[in-house]
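These notes concern the structure reproduced below.
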């Protein structure tokens, strides 16, 4: 078989069975279609020959200015290539990768328009579904970031309040500790005075005993002084014990306040790290959304 015959048979086979092709006259009426084109739009070949181009389009496109511009360009001899949406027999969307070629006579006048197309409906729907999933994930990431930032803001305020309270407690505790030490010193002084008073009372009693009858009254006073000195010493010891307990509590508060301050400092560092992570998450989500929008724009199917 000659090469020309092989080429002719291959082209005829492609036209008749393997390619979705349709030819319109200058009035937009279908004058030829391949079985695959008819099958894709769920029509029979006989049904297609009674239809016009606009019968395969949705009404909003047919009524638009773009529809008239589209045909005007074709009839002026301009070819066209893009992804388009068409309507099948059941009024369902069909997505085509379409190429329109004006057919011209010897003088260059357009006498028909041939359309060669490929059904990309399934691929387009899968792509749209994938894009929607990614965009949903991006929106969720944004919401997580926003909620995380809000929660960190509230936590940051609470930590600041705790830090302020802890700092105040630490200052108060140090003040109380200093006061306790001063009071303890006073009690020690009272102890010393009481001891000296007691010794004076003992010496006074001895002297009164030596004085005999004349020192009896003095002995009674010395006895009372000694008794009072003992009571003062006992009370001072009690005060000292109470102050010791207070000092222990104050030290515990002071240590607790320092520990809280250390924890709040560590928490603030962790919060800053978390805030940075949320910012990164939000920026990533924004970049992801922008990329998906660009991809969607790139693969957008036009209703032309």
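The values are calculated or read from the model by the stated rules, or taken from the named source; none is laboratory data. What you are looking at is a predicted structure, and each value in this text was computed from that prediction instead of being measured. Positions of Cβ are backbone-derived with ideal geometry, glycine not excepted, and every protein chain shown enters the neighbour counts.
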Quiz prompt | Yes/no for residue 116 being over 44 Å from the mean Cα position of the chain (by Cα) and buried (at least 18 other Cβ atoms within 10 Å of the Cβ) | solution = yes
Self-check item: Which numbered condition residue 82 fails, given (1) surrounded by 15 or more Cβ atoms within 10 Å (Cβ to Cβ); (2) assigned by the TED database to the domain that holds residue 21
Solution: (1)
Practice problem: Find all pairs meeting these conditions: Cβ atoms under 8 angstrom apart; at least six residues apart or on different chains; first residue within the range 51-64 and free of Cβ contacts under 8 Å to residues at least 12 places away in the same chain; second residue part of a helix (DSSP H, G or I) and surrounded by fewer than 17 Cβ atoms within 10 Å (Cβ to Cβ). | Solution: 62/54
